[in-house]
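The values are calculated or read from the model by the stated rules, or taken from the named source; none is laboratory data. Treat the numbers as computed from the prediction; the structure is a model and nothing was measured. Glycine gets a Cβ as well: all are built from the backbone with ideal geometry, and neighbour counts include every protein chain shown.
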Amino acid sequence: MPVDILVGTQWGDEGKGKLIDVLTRDVDVVVRFQGGNNAGHTVEIGKERYVLHLVPSGIFRKGVKCIIGNGLVVDPVALVEEMKGLEERGVDTNQIELSNRAQMIFIYHKMADRLSEAGAKTKIGTTGRGIGPAYTDKMRRIGIRAIELKHPERLAELFRTECAKYNKLFAAAGAETVDVEAELAKVLAAAEKLAPRVCDTVYSLNAAIKANKKVLFEGAQGALLDIDHGTYPFVTSSNTISGGACTGGGVSPRAIRDIWGVIKAYTTRVGEGPFPTELFDASGENLRQRGREFGATTGRPRRCGWFDAVAARYACMVNGINKLAVTKLDVLDDLKQIAVCVGYRINGEVTDEFPASAAELEAAEPVLEYLPGWECDTTGATSYAQLPENAKKYLARMAELVDSSIGIVSVGPRRDQTFSAE
Ligand code: IMP
């Protein structure tokens with residue numbers, strides 16, 4: 001019953017897509033359990049580069065079932081576009097199953113997302129994909145679930161009702177309103193394509209687990225964007241941590257074996273919110289350029305900074321990480337010395353605990369420790385043994401600081417630039 005979970009341990013963009021692709025070598029089922037098309041998981045296979053937003057990253061492996069679980073918010077029009085894009089490049093999308101319990105994102109959610117960001121005093125810097133408003137509707141118990149894709153008449157009625165409510169709000173705010181029938185036509189076209197993929201994935205997933213199939217849960221975003229554990233309110237609207245896999249997939253915590261945490265050798269963040277180790281100088285720009293740190297979903301330049309061990313240790317603790325996959329080690333190749341944040345100085349007091357308050361984190365000054373760099377190219381390394389001594393020392397210090405062990409190291413975007421550290 002090997003059920004593993006892979007999650008991000010920072011603010012997303014840790015390289016989860018690539019790791020999932022590597023870990024799915026002998027997996028039977030890959031499951032997305034939260035979020036939506038705010039995610040952008042990049043997978044490079046040979047010369048081909050794919051960015052997945054909703055489709056699980058197991059899609060490039062023949063025969064791997066790809067489940068979009070009940071915990072997601074799914075934009076049906078965007079999902080169809082993504083599937084078509086993959087099909088045009090010869091990828092088989094018949095492996096996809098969409099949970100009948102998943103919530104759907106419609107145009108009005110995206111419009112509400114952008115409207116609320118435009119008018120907000122404290123901007124979150126969302127992806128504008130309608131994630132927050134769709135989860136809000138779920139919790140208010142007025143959301144529309146994917147099961148309705150199989151019932152076009154009921155779907156149309158529900159869609160028109162919700163549009164009417166949202167249009168009143170948009171009109172009152174002096175904003176653009178939804179062209180209901182034009183948008184409904186797009187939704188119904190998507191429904192026709194998706195209906196055969198909609199099923200009760202809770203049963204199919206639990207049957208796979210019972211049959212001893214290998215299952216991998218694919219987290220999106222990262223622990224520091226978790227609605228409970230992240231830098232609230234500068235977070236996404238779902239539980240991104242490993243616990244979310246059980247609720248968002250419909251499986252028991254007893255089924256879980258390993259919990260992989262993907263962790264970048266430095267730190268990045270997109271959107272607003274506190275980021276104690278952020279670099280505003282040339283070293284930050286160097287990380288951005290060398291690491292190609294531009295959003296896979298929105299193209300926004302990512303904020304870059306040193307590895308924050310305080311935040312990462314908190315993330316490893318709440319996730320129960322037992323294996324780390326360190327990505328982008330090669331981005332640090334040219335540095336003479338590398339800083340790591342081992343504590344925060346907040347109002348004169350030093351702490352190694354991650355504060356709950358965004359205001360406190362905003363005020364935190366990083367307490368930095370400096371490690372010598374290795375100043376040589378690691379992108380050709382194919383085993384842990386081939387890494388320079390200082391790179392090994394850096395990895396060992398990361399593992400010690402976050403209280404977890406390193407299972408995989410990655411030194412470049414390709415499948416073959418990943419090796420075991422055990
Ligand atoms: P939302 O998920 O679109 O509501 O955005 C909320 C916050 O999460 C913003 O700061 C986004 O930039 C961030 N975010 C959402 N998805 C991702 C992701 O996949 N990677 C990195 N940041 C993300």
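Find the residue count for region 259-276, including only residues that are over 15 Å from K328 (Cβ atoms) and either in a strand (DSSP E or B) or in contact with a helix residue (DSSP H, G or I) (Cβ under 9 Å, 6 or more places away or on another chain) (or both).
So the answer is 7.
Please report, ordered by residue number, the strands (runs of 3 or more DSSP E) entirely within region 21-63 with at least 3 residues that are aliphatic (A, V, I, L, M).
The qualifying strands (runs of 3 or more DSSP E) are 29-32.
Could you list all residues from region 132-147 that are in contact with a helix residue (DSSP H, G or I) (Cβ under 6 Å, 6 or more places away or on another chain) and away from the ligand (no atom under 14 Å from the Cβ)?
Listed by number, the residues that qualify are G143, I144.
Yes/no per residue for (1) buried (at least 24 other Cβ atoms within 10 Å of the Cβ); (2) under 16 Å from the mean Cα position of the chain (by Cα):
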{"site": "I5", "(1), (2)": "yes, yes"}
{"site": "K18", "(1), (2)": "yes, yes"}
{"site": "V29", "(1), (2)": "yes, no"}
{"site": "N37", "(1), (2)": "yes, yes"}
{"site": "D92", "(1), (2)": "no, no"}
{"site": "Y108", "(1), (2)": "yes, no"}
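Determine if region 295-302 includes at least one residue that is modelled with pLDDT under 95, within 11 Å of the ligand (Cβ to nearest atom) and of a type in the set (A, V, I, L, M).
yes
May I ask you to verify whether E117 is in contact with a Ser or Thr (Cβ under 9 Å, 6 or more places away or on another chain), among the acidic types (D, E) and surrounded by fewer than 19 Cβ atoms within 10 Å (Cβ to Cβ)?
Yes.
Scan region 166-186 and give yes if some residue there is within 25 Å of the chain's Cα centre (by Cα) and modelled with pLDDT of 95 or more, otherwise no.
No: zero hits.
Testing F106 on (1) in contact with a helix residue (DSSP H, G or I) (Cβ under 8 Å, 6 or more places away or on another chain); (2) within 16 Å of the ligand (Cβ to nearest atom); (3) free of Cβ contacts under 8 Å to residues at least 12 places away in the same chain, one condition comes back false. Which one is that?
(3)
Considering only region 228-256, state which residues are part of a loop (DSSP other than H, G, I, E, B) and more than 10 Å from the ligand (Cβ to nearest atom).
Result: D228, H229, Y232, N239, I241, S242, G250, V251, S252.
Answer yes if at least one residue in region 8-19 is farther than 20 Å from A146 by Cα, more than 16 Å from the ligand (Cβ to nearest atom) and in the same structural domain as Y203 (by TED's automatic domain parsing), and no otherwise.
No; the residues of region 8-19 include none that is farther than 20 Å from A146 by Cα, more than 16 Å from the ligand (Cβ to nearest atom) and in the same structural domain as Y203 (by TED's automatic domain parsing).
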